[in-house]
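Read through the structure below, which is laid out as structure tokens, and then see the notes.
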Amino acid sequence: MTQITSTVDFAKSGKQVGWLRVPHSITRSAYGVIPVPIAVLRNGEGPAILLTAGNHGDEYEGQVVLTRLIQELQADDIRGLLIIMPALNTPAAVAGTRISPLDEGNLNRAFPGDPNGGPTWKIADYIYHHLVPMIDIVADFHGGGRSLNYRPHASTHFSPDCGAQLRERSMAAVKALGIPHVLIIESVDAGGAMSAATRKHGKIYLNGEYGGSASVTRESVALVDQAVRRLLSFCGATDARFDPLPEPQVLSIFGPDAYVYADDAGVFVPAVRLGDTVRKGDLCGHVYFPETPARPPVAMVFEGDGDVVCQRHPARVERGDCLAHLARPIG
């Protein structure tokens, strides 16, 4: 039983731009709400699509593209139902942080949520119980955030027992986005992630990391914009036509050995670049200790073979920080 109320009517035809009002009672505002922006476009029969960004507040490419889309699209431009949420965890998006400053909630670890929990868990509960059941496909755009840089990729998530039909539909959808690299993430449970919540309803979930370092580039925004427009066309929501693109390279993260973590606090200097292919034992980089300059640097090495798809952005690291991770081509 959600406490969230909506200013939009999901069954109404046309275009509406409004809010989900998330109750948040604090000293400054006893009956206050957090307005989470939402746009709903409905035009006759067709696919039902949910586009989201700002799941993590410091990832901006999707936030920019979906904001533009709300301004540009009219209901007559689409078929079916299109729900757009450009700042999904609004408190985190406003603060420019991965997690919410109100309750320390990481929205992408909070599903299926709690209607009586903090704001982050209330939002997760509403998405899980009210939005996902009415749609066919979720596309949730990410971007690495403050701590990571990614070689851009689109991704889809499914479980080993999801069934051939959902797997095939998910693969077709993610390849249709036109991104040169596609990451397949297959897991039994994603630790409260939106992907696991979506597939429990039997719906397609698309994700992706389109940049990083909590910055925005023209290239990364263009990639997300292309992905959104190709997705709408692929689903039959629009009549837009695109030139065919080469088949993307399909990769997967192969387990714990794909990751490199800092052994100690210091300054990390990478030895490889995004996109490099490495082997087990190759140097990932060194951690230096300027505060104890007589101490030799510590070499960090890769524990598996694969392509470097992600690297840490800030040079200063603490023990346990992820320095890089790999993915391995499938087939």
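The values are calculated or read from the model by the stated rules, or taken from the named source; none is laboratory data. Please read all numbers here as calculations on a predicted model, not as lab measurements. Neighbour counts run over all protein chains shown; Cβ positions are idealised from the backbone, glycine included.
For GLY113, are the conditions met, namely being assigned by TED's automatic domain parsing to the domain that holds SER220, on the phi > 0 side of the Ramachandran plot, surrounded by fewer than 21 Cβ atoms within 10 Å (Cβ to Cβ) and not in a strand (DSSP E or B)?
no
I need the full set of residues from region 152-191 which are within 14 Å of the chain's Cα centre (by Cα), part of a loop (DSSP other than H, G, I, E, B) and at pLDDT 90 or above, in order please.
PRO152
Only one of these is more than 28 Å from the chain's Cα centre (by Cα) and either within 26 Å of GLY178 (Cα to Cα) or modelled with pLDDT of 95 or more (or both): GLY275, GLY281. Name it.
Going through GLY275, GLY281 in turn, the sole match is GLY281.
Are any residues in region 40-66 crowded, with 24+ Cβ neighbours inside 10 Å and among the acidic types (Asp, Glu), and if so, which ones?
Within region 40-66, GLU59, GLU61 meet the criteria.
What pairs can you find where one residue is in region 156-179 and touching a residue at least 12 places away in the same chain (Cβ under 8 Å) and surrounded by 14 or more Cβ atoms within 10 Å (Cβ to Cβ), the other is in a helix (DSSP H, G or I) and among the polar types (S, T, N, Q), and their Cβ atoms are less than 6 Å apart, with a gap of 6+ or different chains?
THR156/SER170; HIS157/SER195; PHE158/SER170; GLY178/GLN226
Which of (1) in contact with a Leu (Cβ under 8 Å, 6 or more places away or on another chain); (2) under 29 Å from GLN16 (Cβ atoms) does HIS142 not meet, given it meets every other one?
(1)
For region 283-300, give me each residue that is in contact (Cβ under 8 Å) with a residue 40 or more places away in the chain and either acidic (Asp, Glu) or surrounded by fewer than 16 Cβ atoms within 10 Å (Cβ to Cβ) (or both).
none
Which residues, counting only those in region 83-110, are more than 19 Å from HIS142 (Cα to Cα) and buried (at least 18 other Cβ atoms within 10 Å of the Cβ)?
Listed by number, the list holds a single entry, LEU102.
Taking region 123-145 as the search range and keeping residues that are of a type in the set (D, E, K, R) and either more than 14 Å from GLU61 (Cβ to Cβ) or not assigned by TED's automatic domain parsing to the domain that holds HIS24 (or both), which one is surrounded by the fewest Cβ atoms within 10 Å (Cβ to Cβ)?
ASP136
Being at pLDDT 95 or above, outside any strand (DSSP E or B), touching a Leu at 6+ places or on another chain (Cβ under 9 Å) and closer than 30 Å to ILE26 by Cα is the requirement here; does PRO91 meet it?
Judged against the criteria, PRO91 is a match.
Which condition from (1) surrounded by 24 or more Cβ atoms within 10 Å (Cβ to Cβ); (2) in contact (Cβ under 8 Å) with a residue 40 or more places away in the chain is the one that THR120 breaks?
(2)
Restricted to region 1-38, and to residues that are of a type in the set (D, E, K, R) and free of Cβ contacts under 8 Å to residues at least 24 places away in the same chain, which residue is surrounded by the most Cβ atoms within 10 Å (Cβ to Cβ)?
Checked region 1-38; the qualifying residue surrounded by the most Cβ atoms within 10 Å (Cβ to Cβ) is ARG21.
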